[in-house]
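> Got a structure for you, written out below as structure tokens; questions coming shortly.
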Amino acid sequence: MKLPQLSVFLENRPGSLAEPLKTLATAGINLVSISLADTEQFGILRLVLKEWQQAKAALEKDGWVVNVSDVVAIDVPDEPGGLVTMLETLAQAGINIEYMYAFCLRRNGRAVLIFRFEDPDAAMAVLNRENLGVVTDSELF
Amino acid sequence: MRARMEADTGIQAFDIYGLSEIIGPGVASECTEHDGLHVFEDHFLPEIIDPESGEPLPDGEEGELVLTTLSKKAMPMIRYRTRDITAILREPCGCGRTIRRIRRIGRRSDDMFIIRGVNVYPSQVEAALLNVEGTLPHYQIILSREQGLDQMSVEVEVTPEVFSDKVRALEEVRTRLAQAIEHILGIRVGLRLVGPHAIPRSEGKAKRVIDKRNES
Ligand SMILES: [Zn+2]
């Protein structure tokens, strides 16, 4: 299933990462996953969390610009080549990946990855058809 | 700049004032006293007004220069607002001329600045930002000097409307904003996306232009 991911605009300067995280800490919200994309000028903090609506409200109240986008959590065998099979399947189906990052979770010999697809529904249709492990939110949170 | 040019070339510089809407250069000019510019009052009627209220101000007070042409035939101008801030000096001049002078123009009522010989109004930058974003974001123009060259950069606060989780999409926004400004001004500008409320506001209104060209 699709998961909501929050993105927060950060300026590329010391301390800018800690500030929004402090907002979430104060609101008592725990992170499930965190990833940071950065350029010379700015960064984009990407967060997956269970109470995403509360997190978004808290961040916006503190003046942060927040974007919500759908991502897909997929688990692959935690072994060499575990990711390759799935990537090849997606490539053959013509599914575009905007970006991806590793989820900080390993379980039952499998590793969880987060994917931002151009078309998440099309991606999930392919993954489900091929029985490649799309992870549900109840498994993550 | 002026002193350096005079020293380097041995040529005396004379300020000449004019507007293309009136006749171009030649509305007023410095004499050898270099103490204000004599207005050619037989052809132009100068007045100073309060740029906020539009009320005329007495000689000697600083305000916006308003010009009426007295001899122009094809396209006369009546009380044309120049946006230039100055004062009318009526004291006799050391050169002996009795026509009134205006003080050398230091600034304009609408924050215009000159960069690399190009007159720039913040309203032009606003038009470009508005064009790309649909609404006007908070922004600030920063003028600096690098290796003897004037540089202009614009800081624009990121809004929820343009923010994306994708780096490429944000880079595109940045490029589109820079290109829109460059298209209007015809000069290269740097563009930096900054966080919300990164630009300081005073009395609810951000200071539009920070000129650092005379620093360092
Ligand atoms: Zn004189």
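> Sort out which residues of the range B:150-174 are over 25 Å from the mean Cα position of the chain (by Cα) and in contact (Cβ under 8 Å) with a residue 12 or more places away in the chain, and write them in order of number. Spell out the reasoning first.
In the first step, residues of the range B:150-174 are kept if they are over 25 Å from the mean Cα position of the chain (by Cα); the result is B:158-174.
Answer for the range B:150-174, where residues must be over 25 Å from the mean Cα position of the chain (by Cα) and in contact (Cβ under 8 Å) with a residue 12 or more places away in the chain: B:V158, B:T159, B:E161, B:V162, B:L170, B:V173, B:R174.
> Here is a list of conditions, (1) outside any loop (DSSP other than H, G, I, E, B); (2) of a type in the set (S, T, N, Q); (3) out of contact with any helix residue (DSSP H, G or I) (no Cβ under 6 Å at 6 or more places or on another chain), and A:S16 meets all of them except one; can you say which number that is?
Only one criterion is unmet by A:S16, namely (1).
> Return a yes/no flag: does the range B:46-56 have any residue that is within 16 Å of the ligand (Cβ to nearest atom) and either assigned by TED's automatic domain parsing to the domain that holds B:Q12 or open to solvent by 50 Å² or more (accessible area, probe 1.4 Å) (or both).
The initial filter retains those residues of the range B:46-56 that are within 16 Å of the ligand (Cβ to nearest atom), namely B:46.
Checking the rest, the ones that are also either assigned by TED's automatic domain parsing to the domain that holds B:Q12 or open to solvent by 50 Å² or more (accessible area, probe 1.4 Å) (or both) come to B:46.
So far as the range B:46-56 goes, yes, one or more of its residues are within 16 Å of the ligand (Cβ to nearest atom) and either assigned by TED's automatic domain parsing to the domain that holds B:Q12 or open to solvent by 50 Å² or more (accessible area, probe 1.4 Å) (or both).
> If A:V72 passes every condition in (1) within 11 Å of another protein chain (Cβ to nearest Cβ); (2) more than 26 Å from B:R192 (Cα to Cα) but one, which one does it miss?
Exception for A:V72: condition (1).
> Further question on the same structure: Looking at B:I115, B:I102, which is the one that is under 11 Å from the mean Cα position of the chain (by Cα) and open to solvent by less than 100 Å² (accessible area, probe 1.4 Å)?
Answer to the selection: B:I115.
> For the range B:113-216, please list each of the strands (runs of 3 or more DSSP E) lying entirely inside it that holds at least 1 residues being away from chain A (no Cβ under 14 Å) and of a type outside the set (G, A, S).
By residue number, B:113-115, B:118-120, B:139-146, B:149-157, B:209-211.
> In addition: Under 7 Å between Cβ atoms, at least 6 apart or on separate chains: pull out the pairs that start in the range B:24-40 with a residue that is closer than 16 Å to B:A87 by Cβ and end on any residue that is of a type in the set (K, R) and within 8 Å of the ligand (Cβ to nearest atom).
From the range B:24-40, the pairs are B:G36/B:R101; B:L37/B:R101; B:H38/B:R97; B:H38/B:R101; B:V39/B:R101.
> A further question on this structure: Identify all residues within the range A:27-51 that are outside any strand (DSSP E or B) and either open to solvent by less than 30 Å² (accessible area, probe 1.4 Å) or away from every other protein chain (no Cβ under 13 Å) (or both); write none if there are none.
So the first thing to find is which residues in the range A:27-51 are outside any strand (DSSP E or B), and the list is A:27-32, A:39-41, A:49-51.
Once the filter is applied, which keeps residues that are outside any strand (DSSP E or B) and either open to solvent by less than 30 Å² (accessible area, probe 1.4 Å) or away from every other protein chain (no Cβ under 13 Å) (or both), the range A:27-51 yields A:A27, A:G28, A:I29, A:N30, A:L31, A:V32, A:T39, A:L49, A:K50, A:E51.
> Tally time: how many residues in the range B:88-112 are of a type outside the set (V, I, T) and either within 16 Å of the ligand (Cβ to nearest atom) or within 14 Å of another protein chain (Cβ to nearest Cβ) (or both)?
13
Every residue, every condition in (1) in the same structural domain as B:I88 (by TED's automatic domain parsing); (2) modelled with pLDDT of 95 or more; (3) open to solvent by 20 Å² or more (accessible area, probe 1.4 Å); (4) more than 12 Å from the ligand (Cβ to nearest atom), yes or no:
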position	(1), (2), (3), (4)
B:G10	yes, no, yes, yes
B:F14	yes, no, yes, no
B:S20	yes, no, yes, yes
B:I23	yes, no, yes, yes
B:S29	yes, yes, yes, no
B:H38	yes, yes, no, no
B:E41	yes, yes, yes, yes
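> Now for a different question. Does A:E60 count as touching a strand residue (DSSP E or B) at 6+ places or on another chain (Cβ under 8 Å), open to solvent by 40 Å² or more (accessible area, probe 1.4 Å), under 27 Å from B:V162 (Cα atoms) and acidic (D, E)?
yes
> From A:V72, A:V76, which residue is in contact with a Pro (Cβ under 9 Å, 6 or more places away or on another chain) and closer than 21 Å to A:L3 by Cβ?
After applying the criteria, what remains is A:V72.
> Only residues that are under 26 Å from B:A169 (Cα atoms) and in contact (Cβ under 8 Å) with a residue 24 or more places away in the chain: list them for the range A:87-96, please.
The answer is A:L90, A:A93, A:I95.
> Quick one: A:E19 ticks every box in (1) more than 15 Å from the chain's Cα centre (by Cα); (2) away from chain B (no Cβ under 14 Å); (3) open to solvent by 70 Å² or more (accessible area, probe 1.4 Å) bar one, so which box is it?
Looking at each condition in turn, A:E19 falls short on (2).
The values are calculated or read from the model by the stated rules, or taken from the named source; none is laboratory data. Quick caveat: nothing in here was measured; it's all calculated off a predicted structure. Ideal geometry is used to build each Cβ from the backbone, glycine not excepted, and the neighbour counts take in all protein chains shown. Surface accessibility is based on the protein's heavy atoms, side chains included, excluding ligands, DNA and RNA. Shrake-Rupley method; radii C 1.70, N 1.55, O 1.52, S 1.80 Å.
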